[in-house]
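Participant: Submitted below is the structure of interest, expressed as structure tokens.
The values are calculated or read from the model by the stated rules, or taken from the named source; none is laboratory data. Predicted model only: the values in this text are computed from it and were never measured. Neighbour counts run over all protein chains shown; Cβ positions are idealised from the backbone, glycine included.
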Amino acid sequence: MGGGAAGGLLAGGGAAGGGAAGGGPRPGGGARLRERKGYAYGVSAGLVLLMLAPLFRRPPVDSFPLSTYPMFSWGRHDARTTVERAVGVGARGERRPIPPRLVGSEEVLQAKATLAQSIRQGARAARALCRGIAARVAEQDSYADVVAIELRTDTFDAVAFFEGQEAPVDSKVHATCKVRAR
């Protein structure tokens, strides 16, 4: 037996040889591979078409798996937005926004909810929140120029605002209170 085990495998049509049992080409194997590839391509193409289908619906439908993000992609009828906010008023009448932490929370949305709720509850609640904000502002050296606090609902033209026209198009003051001297 010449060549040992390795030689016998190679010579006898074993693992590296050419028989069907040895891992070589199988009868009809090429056709099966082409069939599998065709199936894979067909499934992939079908999934891509399914994913793109929402783009072609009339009227357009925002749906899984592809969102058209209508809140950003469709035109707005009105670019106005209304914001409840606390504003510091300086001795010469200049105004600057009060940050959320002085309203009562580090979280912007919690501060907004606090303002909205106090305004919704009426003048008494708005004045109470205003006094609390004024007390916190009085403790801050960086707000030494602020002499009063206003709780307001301001309406802005969002497009104009980001073009530099930052003045509100409409305002309603719900409460005003003085900031005590330091």
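Participant: Of all residues in region 35-67, which are part of a helix (DSSP H, G or I) and at pLDDT below 85? Steps first, please.
Facilitator: So the first thing to find is which residues in region 35-67 are part of a helix (DSSP H, G or I), and the list is 35-56.
Of everything in region 35-67, those that are part of a helix (DSSP H, G or I) and at pLDDT below 85 turn out to be 50, 51, 52, 53, 54, 55, 56.
Participant: Any residue in region 157-168 that is aliphatic (A, V, I, L, M) and either at pLDDT 95 or above or over 27 Å from the mean Cα position of the chain (by Cα) (or both)? If you could, list the steps in order and put the result at the bottom.
Facilitator: Taking region 157-168 first, the residues aliphatic (A, V, I, L, M) are 158-160, 167.
Then drop every residue that is not either at pLDDT 95 or above or over 27 Å from the mean Cα position of the chain (by Cα) (or both), which leaves none.
No, because not a single residue in region 157-168 is aliphatic (A, V, I, L, M) and either at pLDDT 95 or above or over 27 Å from the mean Cα position of the chain (by Cα) (or both).
Participant: Return the residues of region 138-159 that are free of Cβ contacts under 8 Å to residues at least 60 places away in the same chain, not in a loop (DSSP other than H, G, I, E, B) and not hydroxyl-bearing (Ser, Thr, Tyr); say none if nothing qualifies. Full working, then the answer.
Facilitator: The initial filter retains those residues of region 138-159 that are free of Cβ contacts under 8 Å to residues at least 60 places away in the same chain, namely 138-147.
Of the ones still in play, those that are also not in a loop (DSSP other than H, G, I, E, B) are 138, 141-143, 146-147.
Matches in region 138-159: 138, 141, 146, 147.
Participant: Among the numbered conditions (1) within 27 Å of the chain's Cα centre (by Cα); (2) outside any helix (DSSP H, G or I), tell me where residue 117 comes up short.
Facilitator: Of the numbered conditions (1) within 27 Å of the chain's Cα centre (by Cα); (2) outside any helix (DSSP H, G or I), the odd one out for residue 117 is (2).
Participant: Report the residue count in region 101-112 for those that are within 17 Å of residue 153 (Cα to Cα) and touching a strand residue (DSSP E or B) at 6+ places or on another chain (Cβ under 9 Å).
Facilitator: Filtering region 101-112 for residues within 17 Å of residue 153 (Cα to Cα) gives 103, 108-112.
Filter again for touching a strand residue (DSSP E or B) at 6+ places or on another chain (Cβ under 9 Å), leaving 103, 111-112.
Total satisfying the criteria: 3.
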